[in-house]
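J.: The structure is given below, and queries will be raised subsequently.
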Amino acid sequence: MERNLKNVLVISFGFLLLFTAYGGLQSLQSSLNSEEGLGVASLSVLYAALILSSMFLPPIVIKKLGCKWTIAISMCCYITFSLGNFYASWYTLIPTSVILGLGGAPLWSAKCTYLTIAGTSYAEKAGKNAKDIINQYFGVFFLVFQSSGIWGNLISSLILSQSSTKVEISEEDLKCCGAYNCLTDTTNTTDSAKPSNSLIYTLLGVYTASGVLAVLLVIIFLDQIKSDQAETEKEKLEAPSFWSTFLATFRHLKDKRQCLLIPLTMYSGFEQGFLSGDYTKVYVTCALGIQYVGYVMICFAAVNSLCSLLFGKISQFTGRKLLFALATVTNTACIIALLLWKPHPKQLGVFFVFPALWGLSDAVWQTQTNGLYGILFEKHKEAAFANYRLWESLGFVIAFGYSTKLQAYIKLYILLSVLVLSMVTYGAVEYLEAKSSRGTPAGTKKENGGPHSEETPM
């Protein structure tokens, strides 16, 4: 097997193991730790810490440790969150949420940097287009990674299924489901008994073991980057002073392309937050019962995973603009349909259609936006991907922040507005790239970084 592809697979399966644990545990926080809103509070603190981490940690940590050890140590931060849940309290979950949040941005930035360098390195050796290889690598990664949603939900469903109870939902309660939901909790929401401690400890033990395996996989099998480009990256990272490195994330905002991509990046957080936080609650749980949430999210994860691989491969033929247009049309259609649809248990299949279409769209947002960052900002990947995590996390924080305050239809209108703004600003980025390309003499345009690569401030 080609070495770069082997490393891509090691990272992909490492993230699969890690996020099988974290993703499953995150979706259970509001149910397992409902006392005084501890679970929701821990998630809020987590994403706030992730924002702070995105502001300054990735360039510093990657500079000191390199991509491989940044990934391994950041994964350990995720494991602490699983350990904190063994004795869930304000004194365990909040500190471990902070630790996880601080490790999140370096983890994702190092992953994106590693995949981009690996793709560029292989393209140079094989004489292929770097952006096509990068898109393929991100496609492979997200194919494997997105399936973590399947395994995480499946594990929790199998272990906790003994405590699941079916609730008979009345027609009166169904009136409170859907876009114009009642803001008060109905009796069918989450009144099922909390699982026994033995079941919870079994689940947490499986999740913790999965995280430990992820760390061992990366430490043992992931190669250090030894290409000439990696050495150039290292030299570039070593050049700035501490404060220059500290502010690299913000200084990257001097690039107007980065500023124009902020709405699109935040939309990724908005749309994921809506599906996991609102669709599952006011549509699925409200009309069917909480026992169906895991199955619905498995449907989303399965479609997302398959489409990630598909779009990574076909992007070299269709181009990213066509894929972004497909995701926009699909998401818009879903939002409009959710505004009009009144969920009812007799329409069981419809509950799975929306997450399937949402998974298709999210596959585009994840693979193509990550690939776009890697291509546009090839010379400043760490700062660029730190901005990606920063703005996506802010989208999550805002979505979770108003989750319990607004009715679903208002959130859907907000989602649609952000989507429209995202496509306008993304179109501006494509226009700037096309305009610059036309103004660049033949043979001087850089394939990997775009025509602005040399000008992008750090």
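J.: Look at the stretch 272-292 and say how many of its residues are part of a helix (DSSP H, G or I) and open to solvent by less than 30 Å² (accessible area, probe 1.4 Å).
T.: Number satisfying all stated conditions: 13.
J.: Look through S89, S157, S147 and report the one residue that is touching a Phe, Trp or Tyr at 6+ places or on another chain (Cβ under 8 Å), among the polar types (S, T, N, Q), assigned by the TED database to the domain that holds Y47 and open to solvent by 10 Å² or more (accessible area, probe 1.4 Å).
T.: Matching residue, one of S89, S157, S147: S157.
J.: Filter the stretch 342-388 down to residues that are open to solvent by 30 Å² or more (accessible area, probe 1.4 Å) and hydrophobic (A, V, I, L, M, F, W, C) and give me whichever is nearest to the chain's Cα centre (by Cα).
T.: L360
J.: Further question: Could you run through the stretch 92-108 and say how many residues are open to solvent by 10 Å² or more (accessible area, probe 1.4 Å) and under 18 Å from G205 (Cα atoms)?
T.: Final tally of qualifying residues: 2.
J.: Let me ask another. Restricting to the stretch 1-31, give me the number of residues that are open to solvent by less than 20 Å² (accessible area, probe 1.4 Å) and more than 15 Å from K111 (Cβ to Cβ).
T.: Here the count works out to 5.
J.: Consider G84 carefully, then state whether it is touching a Gly at 6+ places or on another chain (Cβ under 7 Å) and surrounded by 18 or more Cβ atoms within 10 Å (Cβ to Cβ). Even if it seems obvious, please write down each step before you answer.
T.: Working: touching a Gly at 6+ places or on another chain (Cβ under 7 Å): no; surrounded by 18 or more Cβ atoms within 10 Å (Cβ to Cβ): yes.
It is false that G84 is touching a Gly at 6+ places or on another chain (Cβ under 7 Å) and surrounded by 18 or more Cβ atoms within 10 Å (Cβ to Cβ).
J.: Any residue at all in the stretch 122-142 that is open to solvent by 10 Å² or more (accessible area, probe 1.4 Å), touching an Asp or Glu at 6+ places or on another chain (Cβ under 7 Å) and outside any helix (DSSP H, G or I)?
T.: yes
J.: Only one of (1) in contact (Cβ under 8 Å) with a residue 60 or more places away in the chain; (2) part of a helix (DSSP H, G or I) fails for P343. Which number is that?
T.: (2)
J.: Where the second residue is in a helix (DSSP H, G or I) and surrounded by 15 or more Cβ atoms within 10 Å (Cβ to Cβ) and the first is aromatic (F, W, Y) and lies in the stretch 302-318, which pairs have Cβ atoms under 8 Å and are six or more apart or on separate chains?
T.: Final answer for the pair search is F311/G139; F311/L323; F311/A363; F311/V364; F311/T367; F311/Q368.
J.: Among the residues of the stretch 40-59, are any closer than 30 Å to A363 by Cβ, of a type in the set (V, I, T), within 17 Å of the chain's Cα centre (by Cα) and open to solvent by less than 20 Å² (accessible area, probe 1.4 Å)?
T.: Checked against the condition, which is being closer than 30 Å to A363 by Cβ, of a type in the set (V, I, T), within 17 Å of the chain's Cα centre (by Cα) and open to solvent by less than 20 Å² (accessible area, probe 1.4 Å), the stretch 40-59 yields no hits at all.
J.: Please list, ordered by first then second residue, the pairs with beta carbon atoms under 7 Å, 6 or more apart or interchain, first in the stretch 420-437 and farther than 20 Å from A327 by Cβ, second assigned to a helix (DSSP H, G or I).
T.: Filtered contacts from the stretch 420-437: L432/R257.
The values are calculated or read from the model by the stated rules, or taken from the named source; none is laboratory data. These numbers were taken from a predicted model, which means no experiment stands behind them. Note that each Cβ is placed from the backbone with ideal geometry, even for glycine, and that neighbours are counted across all protein chains shown. We work out accessible area using only protein heavy atoms, side chains counted, and drop any ligands, DNA or RNA first. Shrake-Rupley method; radii C 1.70, N 1.55, O 1.52, S 1.80 Å.
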